[in-house]
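J.: Before I ask anything, here is the structure I am working with.
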Amino acid sequence: MHTTHILNTYTVCIDLLLTTYDILIELTRDRYKMNTICISNQKGGCGKTSLTHNVGCVIATLHEKKVLFVDVDGQANLTTVFGFNPDNVKSISELLTSKKKQTRDYIVKTSVPNVDLIPSNQHTFSAEKQLYEKTGREFVLSDALEQVREAYDYIFIDTPPNLGIITLNSLIASNSVILVYTASEFSLDGLSQILNALDEIIKNKRLNINQTKILGAIQNNYKSTTRKVNAKLKDALAGVSDIPKYFSPISETTELEKSQFEHQPAYLYVPNHKISSDFKTFAKELIACLG
Ligand SMILES: Nc1ncnc2c1ncn2[C@@H]1O[C@H](COP(=O)(O)OP(=O)(O)O)[C@@H](O)[C@H]1O
Ligand SMILES: [Mg+2]
């Protein structure tokens, strides 16, 4: 009798432990999913790659987090900015188009501490075409990243300047989308299109990806001298969608392009420049926002 009682108590304890373990696993999964970020605008030249590269590197080095960058643009600007020659890399294009590929085989270490990259090259343009013929084509990137998510605190996806299947894959694989815009009319145009695309994705029950959400918006190429224009831009955006947060803007400066030429994030290239403090502020705000 006594032995049965002990056994029962033992079984209940084991059950409790297993349930707690399951809950913890779920929580951990959610935490990692929360931290896949896409800085988005359907137009080229508004700063997607520059902001992704710089904010990610600040988070990796100054906040000591493991960061994976994923370049899914055939132009491979993010790959180049890290100092890789796109002609000599194992490109994400293979990962997106071939079956049974191991994501970790495509990850390379960069010269920045805590920073890994899945590079891209021009073959990603043709991968886009091949993807259209695949079943489950919207989830290819999401599935590929699932294999390695737990090794990273943050994943940043750098998208091409269009709303094709690769951008759709990126939005689906992300949990947090940040809209980047500049004072150019074209950049705002791109924003309303991406907002519509996101809206459709979120509402599309078949895709069941209601965990993708817009975290906020950030203005790039900011000039304090054009305060009135900046305020009007915010008004215009507010008219299109409810933006939950406006991150502090990123100033316009030629130092950014120079730092990219030297394959360095701005905070290393010009540590005392305003652009470095802008990216540090953005990184802090982003971490706080992700919780
Ligand atoms: N804040 C900024 N100040 C000055 N130049 C910038 C700034 N942000 C981006 N640029 C430059 O603008 C060009 C386009 O930026 P990029 O990040 O490649 O845009 P996207 O990825 O959206 O096409 C690059 O040459 C980059 O150096
Ligand atoms: Mg780019």
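The values are calculated or read from the model by the stated rules, or taken from the named source; none is laboratory data. Quick caveat, the model's predicted, so the values are computed rather than measured. In this analysis, Cβ positions are derived from the backbone assuming ideal geometry, glycine residues included, and neighbour counts consider all displayed protein chains.
J.: Is the stretch 55-68 home to any residue that is crowded, with 19+ Cβ neighbours inside 10 Å and more than 15 Å from the chain's Cα centre (by Cα)? Before the answer, list the steps.
T.: Restricting attention to the stretch 55-68, the residues satisfying the condition of being crowded, with 19+ Cβ neighbours inside 10 Å are 55-60, 67-68.
Among the residues that remain, those that are also more than 15 Å from the chain's Cα centre (by Cα) are: none.
Looking through the stretch 55-68, none of the residues is crowded, with 19+ Cβ neighbours inside 10 Å and more than 15 Å from the chain's Cα centre (by Cα).
J.: I'd like the full set of residues that are within 30 Å of VAL270 (Cβ to Cβ) and of a type outside the set (D, E, K, R), limited to the stretch 93-114. Steps first, answer last, please.
T.: Keep residues of the stretch 93-114 that are within 30 Å of VAL270 (Cβ to Cβ), which gives 107-114.
Those that are within 30 Å of VAL270 (Cβ to Cβ) and of a type outside the set (D, E, K, R): ILE107, VAL108, THR110, SER111, VAL112, PRO113, ASN114.
J.: Determine which member of the set ASN77, ASN121, ASN114 is more than 16 Å from ligand 2 (Cβ to nearest atom), closer than 26 Å to LEU256 by Cα and either in the same structural domain as LEU163 (by TED's automatic domain parsing) or of a type in the set (S, T, N, Q) (or both). Steps first, please.
T.: Values: ASN77 fails: more than 16 Å from ligand 2 (Cβ to nearest atom); ASN121 fails: more than 16 Å from ligand 2 (Cβ to nearest atom).
Result of the check over ASN77, ASN121, ASN114: ASN114.
J.: I need the full set of residues from the stretch 86-103 which are in contact with a Pro (Cβ under 8 Å, 6 or more places away or on another chain) and among the hydroxyl-bearing types (Ser, Thr, Tyr), in order please. Walk me through how you get there before you give the answer.
T.: Taking the stretch 86-103 as the starting set, the residues that turn out to be in contact with a Pro (Cβ under 8 Å, 6 or more places away or on another chain) are 86, 89-92.
If the condition is that a residue be in contact with a Pro (Cβ under 8 Å, 6 or more places away or on another chain) and among the hydroxyl-bearing types (Ser, Thr, Tyr), then SER91 is the only one that fits.
J.: Of everything in the stretch 140-158 that's surrounded by fewer than 17 Cβ atoms within 10 Å (Cβ to Cβ) and either touching a residue at least 40 places away in the same chain (Cβ under 8 Å) or touching a helix residue (DSSP H, G or I) at 6+ places or on another chain (Cβ under 7 Å) (or both), which residue is nearest to LYS100 (Cα to Cα)?
T.: Keep residues of the stretch 140-158 that are surrounded by fewer than 17 Cβ atoms within 10 Å (Cβ to Cβ), which gives 143, 146-147, 150-151.
If we keep only those that are either touching a residue at least 40 places away in the same chain (Cβ under 8 Å) or touching a helix residue (DSSP H, G or I) at 6+ places or on another chain (Cβ under 7 Å) (or both) as well, we get 147, 150-151.
On the way: GLN147: 11, GLU150: 19, ALA151: 20 Å.
That would be GLN147.
J.: Of the conditions (1) without any contact (Cβ under 8 Å) to a residue 40 or more places away in the chain; (2) within 30 Å of LEU191 (Cβ to Cβ), ASP71 clears all except one; give me its number.
T.: Failing condition for ASP71: (1).
J.: So ILE157 passes all but one of these: (1) assigned to a loop (DSSP other than H, G, I, E, B); (2) in contact with a strand residue (DSSP E or B) (Cβ under 6 Å, 6 or more places away or on another chain); (3) aliphatic (A, V, I, L, M). Which condition number does it fail?
T.: Every listed condition holds for ILE157 apart from (1).
J.: Across the stretch 38-52, what is the total count of residues that are of a type in the set (S, T, N, Q) and within 9 Å of ligand 2 (Cβ to nearest atom)? Steps first, please.
T.: So in the stretch 38-52, the residues of a type in the set (S, T, N, Q) come out as 40-42, 49-50, 52.
Those still in the list that are within 9 Å of ligand 2 (Cβ to nearest atom) too: 49-50, 52.
The number of residues fulfilling the criteria is 3.
J.: Can I ask one more? Within the stretch 80-111, can you find the residues that are within 16 Å of ligand 2 (Cβ to nearest atom) and not hydroxyl-bearing (Ser, Thr, Tyr)?
T.: VAL81, PHE82, PHE84, PRO86, ILE92
J.: Which one of these is part of a helix (DSSP H, G or I), within 16 Å of ligand 1 (Cβ to nearest atom) and under 17 Å from the mean Cα position of the chain (by Cα): LEU117, LEU78?
T.: Values: LEU117 fails: part of a helix (DSSP H, G or I).
Exactly one of LEU117, LEU78 is part of a helix (DSSP H, G or I), within 16 Å of ligand 1 (Cβ to nearest atom) and under 17 Å from the mean Cα position of the chain (by Cα), namely LEU78.
J.: Can you say whether LEU256 is in a helix (DSSP H, G or I), within 16 Å of ligand 2 (Cβ to nearest atom) and at pLDDT 90 or above, as far as the supplied structure shows? Step through it out loud before you land on a result.
T.: Details: in a helix (DSSP H, G or I): yes; within 16 Å of ligand 2 (Cβ to nearest atom): yes; at pLDDT 90 or above: yes.
Yes: the conditions hold for LEU256.
J.: Which residue pairs have Cβ atoms under 7 Å apart, sit 6 or more places apart or on different chains, and have a first residue in the stretch 227-245 that is more than 16 Å from THR182 (Cβ to Cβ) and touching a residue at least 24 places away in the same chain (Cβ under 8 Å) and a second that is surrounded by 12 or more Cβ atoms within 10 Å (Cβ to Cβ) and small (Gly, Ala, Ser)?
T.: PRO244/GLY216; LYS245/GLY216
J.: Looking at (1) in contact (Cβ under 8 Å) with a residue 24 or more places away in the chain; (2) surrounded by fewer than 23 Cβ atoms within 10 Å (Cβ to Cβ); (3) within 23 Å of THR61 (Cβ to Cβ), can you tell me which one SER126 breaks?
T.: Of everything listed in (1) in contact (Cβ under 8 Å) with a residue 24 or more places away in the chain; (2) surrounded by fewer than 23 Cβ atoms within 10 Å (Cβ to Cβ); (3) within 23 Å of THR61 (Cβ to Cβ), SER126 misses just condition (3).
J.: Among the listed residues SER170, SER174, identify the single one that is assigned by TED's automatic domain parsing to the domain that holds ASP73, surrounded by 17 or more Cβ atoms within 10 Å (Cβ to Cβ), more than 15 Å from ligand 1 (Cβ to nearest atom) and modelled with pLDDT of 80 or more.
T.: Details: SER170 fails: more than 15 Å from ligand 1 (Cβ to nearest atom).
Just a single option satisfies the conditions, and that option is SER174.
J.: Also, I was wondering about something else. Could you grab me the full set of residues in the stretch 70-91 that are in contact with a helix residue (DSSP H, G or I) (Cβ under 6 Å, 6 or more places away or on another chain) and not small (Gly, Ala, Ser)? Walk me through how you get there before you give the answer.
T.: Here is the first cut: in the stretch 70-91, the ones in contact with a helix residue (DSSP H, G or I) (Cβ under 6 Å, 6 or more places away or on another chain) are 71-72, 74, 76-79, 81, 86, 90-91.
Within the stretch 70-91, ASP71, VAL72, ASN77, LEU78, THR79, VAL81, PRO86, LYS90 meet the criteria.
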